[in-house]
Amino acid sequence: MEAAIPAPSSVPEVAELVKGLYRQSDPDTIKGIEKTLQLLQKSPEGWQLADALLGYSDPEVRFFGALTFTVKLHSDAKALENDSSKELLTRLLAWLIRLVAEGEQEFVTRKLCTTLMQYFLNDKTEWNPCVRHLICSFVKGEPVEVDEVDNYPPTTQLVNSLTPPQLRSVLYISEGLVQEVKRTSYVSTIVAKLENRLDENCDDVVALTRHALGYSGPYETEIRAEAVSCMATWAIYVTRLTRYSPEASDRIDQVQTLIIPALHCVHADPENTVEPFADLLRRRGIEIFSDDHLKLLSELITSTWGQQQIADMTENGIPSDHFIDLMLAFGTAMLPKLVSTPDTWDNVMVMMHQILKFPGYAIEDEMASMQAIEFWGNYAGEVADPLETDSEPPAVAKVHVMKAAEAYWTKVCMPPSAELASWDKDNVKSFKAFRTDVGDFLLDALRACGADLFRAFINLALNQVEQNDWIKMEASLFCINSMTDEVIGTEECEEALGGLFGSSILISAISRPDALPRARRAAVEMIGKYAEFFIKRREYLVAPLSALFVALAREDTSEAAARAISLFCCSCRETLVPELDNFLAAYQSFIDSPTASGYCKEKVLGGIAGIVRALPSDAQKCHYLVILLQQVEKEVRLSLEKMSQNDVVEGPQTACTAVACLAAMGKGLQSGDERFSQIDLEADIAGGSYWNTDPAGIQFQAGVAKCLGMISHVFGSFGEVNEAICDVFKSGFAEGAPGPFVLPPNVFVEFVLRTSIQTPRVNLVLSTTCSFLNAYKEKLEDSTENNPYILAAVNLVDHIIQLVAILSSPDTDPEVASSCVEVLETLNRHNIQIFFGRSPVAVENTLMFTIRCIQGPDVLPKRAALHFWSRFLQIANNAALGSKQQVDQVINVLGPLIVKVLVFDVSGGSQRTTLDDVSDTLRRFVPKNPRTGDWMEAALLDKDFPAPKVEEKDRLWFKKMFIAARGGMNSKHVAMNFWQSCRDSQR
């Protein structure tokens with residue numbers, strides 16, 4: 001609990017509190033001190049307190065004094081009238097000059113420098129030319145008047161008089177100003193003003209930096225390193241593309257003159273100066289580096305120093321992050337040349353390859369190969385698709401890609417399981433991500449090198465199996481699996497793949513007892529990934545398929561085999577139709593085995609359903625689907641038995657398996673194959689079909705509905721079960737024509753009506769309700785009597801209105817509130833008459849709930865309600881929907897309140913993340929109701945207006961401009977500017 005700290009009554013007491021802040025160990029006491037000191041900092045006496053603390057003997061107290069100036073600049077900038085701001089600048093400069101001269105500790109002077117930066121950024125102050133003004137003041141030994149700086153010698157002469165601490169302070173501010181301007185959250189107009197002010201200092205910064213780059217004497221290393229960093233920061237700044245002009249070109253030329261002296265600093269002291277140079281190369285290599293600059297850099301990289309860095313890495317295992325950073329940044333900047341003329345840059349390319357020879361495992365032992373993967377991916381991509389389309393990259397460029405791919409093959413080798421178990425969890429996660437990145441690189445490498453690369457990995461895989469090197473075999477298969485997308489359809493690659501699948505060596509490896517489990521899994525996954533290959537090459541089909549069912553019975557490969565079978569069946573469904581009975585028999589044998597987990601059952605059952613999809617008639621499909629459904633019904637009965645025995649662990653798990661199997665069947669019956677994916681736009685998804693007219697089809701659907709009903713009734717308090725049930729329904733909603741899982745609407749409605757705000761994953765149920773309404777939107781627009789979809793929607797909206805009534809306030813459960821409003825918005829989009837058909841009290845209470853959502857602080861319900869009203873107003877403008885009179889009545893009654901809420905949000909009450917939605921909703925009122933301007937004015941002049949410091953004329957000007965925009969997109973720009981001004985007034 002936060003400790004209560006009495007307010008100090010004197011500066012010494014404040015100083016003691018500050019000391020306590022840094023030396024106290026009790027967290028509660030620290031919080032209490034912080035709160036007390038923050039109140040003092042923001043008080044009207046804060047300016048005087050800052051001054052007094054800077055004169056104190058303790059450096060920590062002086063630091064706090066400088067910090068207090070910064071706090072006051074943020075919290076009380078409006079107090080700085082013209083004379084006051086000049087006085088403050090003089091005081092800040094005086095303190096900085098004095099403390100630097102007295103040899104003050106750097107953390108204090110840096111905080112004063114930061115305070116001066118904040119002074120520059122403040123839109124209530126003027127300080128320019130700030131860098132020259134600072135230099136002149138340092139040289140004189142006291143603050144000079146800004147309008148007197150022209151009376152001093154040129155900056156190129158003045159900088160020679162700066163002491164090392166003064167020079168470092170001015171460099172720190174010169175670089176920091178750019179960084180602070182980039183970080184500012186001001187609106188674009190203020191940022192542009194700041195950038196113009198910053199540009200005026202370019203000449204002085206260049207003169208200062210040139211002097212610092214050539215400086216020799218005390219603190220030489222630090223000053224040169226800071227000068228290189230300042231040069232890089234300004235180079236990145238002046239080459240920004242958004243404000244290019246002749247003046248900007250001149251500034252680029254000025255800063256460009258610093259690159260050669262900076263490079264000399266890098267040559268002399270690479271350890272301390274490489275990092276900013278690398279950053280500049282990565283971000284602005286093309287814009288600012290000339291050929292001479294790049295040549296000097298290449299000489300540095302390939303120099304004795306660079307060679308020693310490589311030797312330390314590859315021979316001694318000593319990392320050199322700065323050098324790798326420079327190498328890769330240089331490679332990025334030089335990429336087109338490294339591809340088009342690799343022989344010219346052979347020394348650089350050799351070192352690029354040597355980076356990948358760092359000993360040990362990636363991530364765990366070295367980071368170089370992970371850092372280099374982006375470069376090599378870009379290099380391979382450039383070789384595959386050169387920017388100069390009329391020129392083919394030389395053959396040696398492809399050789400470089402091949403060599404890099406081979407190096408990464410060794411890097412993706414996973415360590416033995418015992419060693420991997422000793423790794424940090426984050427490193428394991430990062431290593432897996434690294435392998436994914438390598439896989440992406442190999443896709444580009446294959447496009448660059450063609451079948452030669454793929455054949456090389458095929459040979460590697462077969463060789464490793466023969467040598468029983470399972471670690472390298474798994475790495476080879478990982479690489480082969482990564483190239484799937486580019487291999488299928490490439491004749492030469494498919495020929496190589498035939499050599500792999502035609503070899504008994506690989507298939508037998510799946511069942512060999514001495515093989516590593518992960519190697520077996522990789523082989524199994526490969527069969528699934530290349531399932532499309534077997535459509536074309538049916539002669540290879542039998543052995544892999546048999547191997548998958550063998551793997552399905554092994555504990556270490558069962559899940560991988562189940563995934564592969566699922567992929568296999570969906571990709572080769574037509575080919576496998578003759579094997580359907582064998583698949584069912586194999587499944588019957590499998591479900592009694594120890595490896596028959598819920599996941600495996602789901603995948604295999606979904607795969608078999610995928611084959612059923614290829615059968616020519618609905619009657620044949622129904623025959624096999626009934627057999628599959630019987631397996632699901634067994635799971636349902638088993639789950640009910642377990643619950644009757646109070647097994648609250650196995651019961652829900654078994655129920656979840658049953659419903660997941662149903663969802664997998666529904667998904668399997670959908671087609672991922674283009675030959676089956678043509679949706680009949682004329683089909684009536686709810687009309688007459690085999691599945692709702694034939695007794696067998698009706699019975700199948702009744703069986704599915706019965707399973708869902710029983711599971712929902714008994715296991716509705718388990719979130720995973722509800723999620724799986726939603727997946728079953730969504731598989732039907734996704735169909736473009738009548739099908740086995742396009743269930744009658746009342747089945748879904750009964751499921752939804754069982755839910756309450758306490759139901760686990762009720763948000764997902766409500767989201768699925770939106771899917772239902774969208775799937776049957778055409779039916780919802782049909783006014784035919786006894787339309788079952790209209791009746792379903794009526795029941796659903798009544799249920800939502802009940803949930804809203806129970807919630808009462810969106811704060812009760814923001815996520816549920818958001819989901820309820822989203823359902824209402826979806827319904828209104830398709831048939832608003834259903835909503836207006838509810839009782840007037842229910843409609844009014846629900847609409848008021850949406851307004852409370854907008855007023856509340858939670859983003860989700862707020863955004864949902866804004867979308868609701870935005871859609872509501874769009875519907876209001878569509879006379880064809882036949883709801884104009886009712887909508888107009890709502891707007892006339894609730895319009896003043898909604899507009900007031902929206903205006904208050906635009907006036908600084910809303911967060912930036914929701915401002916666009918707020919302004920979008922408000923602008924839609926303008927063309928809808930001529931009284932919108934009056935409602936806005938009433939809100940802007942309301943006694944509870946959230947930004948009272950904004951003058952009345954500015955508020956009314958906002959209203960005038962907003963109304964003048966007539967609901968157009970310019971309204972958002974007007975709202976944004978007003979919101980920013982209101983926010984600024986509250987600081």
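Results, tabulated for the structure shown:
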{"quantity": "Cα-based reach from residue 730 at 16 Å (exclusive), listing lysines while leaving out same-chain residues under 8 positions away", "calculated": "667, 777"}
{"quantity": "The chain, relative contact order in percent, only Cα pairs under 8 angstrom and at least six apart counted", "calculated": "4"}
{"quantity": "Estimated FRET transfer efficiency when R0 is 22 angstrom, pair residue 795-residue 694 (beta carbons, to 0.05)", "calculated": "0.20"}
{"quantity": "In sequence order, calculated HN-Hα J values of region 551-556 (Karplus, 6.51, -1.76, 1.60; Hz; x Gly/Pro)", "calculated": "5, 5, 8, 9, 4, 7"}
{"quantity": "Principal-axis tilt of helix 11-23 within the chain, Cα atoms, nearest 10 degrees", "calculated": "40"}
{"quantity": "Relative contact order, percent, region 1-127 [alpha-carbon distance under 8 Å, six or more residues apart]", "calculated": "22"}
{"quantity": "Simple label model, 7 Å out from Cα along Cβ direction - residue 316 to residue 961, nm", "calculated": "6.4"}
{"quantity": "Restraint check, 429/603; 357/432; 432/472; 295/398; 429/529, Cα-Cα greater than 18 Å", "calculated": "429/603; 357/432; 295/398; 429/529"}
{"quantity": "Relative contact order (percent, whole number), region 261-328, Cα cutoff 8 Å, 6+ residue spacing", "calculated": "41"}
{"quantity": "Candidate lysines - alpha carbon under 16 Å from residue 634, same-chain residues fewer than 8 apart omitted", "calculated": "601, 642, 706"}
{"quantity": "Dipole in debye (nearest 20) - the chain, about Cα centre, beta carbon charges: Lys, Arg +1; Asp, Glu -1", "calculated": "2460"}
{"quantity": "Extended-chain gain in nm, criterion 0.36 nm per residue less alpha-carbon gap, residue 593 and residue 48", "calculated": "188.0 nm"}
{"quantity": "Crossing angle, helix 695-715 versus the chain [Cα axis fit, 0-90 degrees, rounded to tens]", "calculated": "50"}
{"quantity": "Matching label, Rg and Dmax of the Cα atoms in Å computed from the structure shown, candidates [x] 46.7, 178; [y] 35.7, 102; [z] 41.2, 153", "calculated": "[y]"}
{"quantity": "Distance in nm between pseudo-label sites at residue 219 and residue 305 (7 Å out along the Cβ direction from Cα)", "calculated": "2.3"}
{"quantity": "Helix 425-449 axis, angle to the chain major axis (alpha carbon atoms, nearest 10°)", "calculated": "80"}
{"quantity": "Cα centroid of region 193-216 to Cα centroid of region 903-956, whole Å", "calculated": "44"}
{"quantity": "Residue 641/residue 786 FRET efficiency (R0 56 Å; Cβ-Cβ; nearest 0.05)", "calculated": "0.90"}
{"quantity": "Sequence-distant lysines (8 or more away, or on other chains) whose Cα lies within less than 27 Å of residue 42", "calculated": "19, 31, 72, 78, 86, 111, 124, 182, 943, 949"}
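Read-outs: derived from the displayed coordinates by stated rules, not from any lab. Only a predicted model underlies this, so the values are computations on that prediction, with no experimental measurement involved. Glycine also receives a Cβ, built like all others from the backbone with ideal geometry; neighbour counts cover every protein chain displayed.
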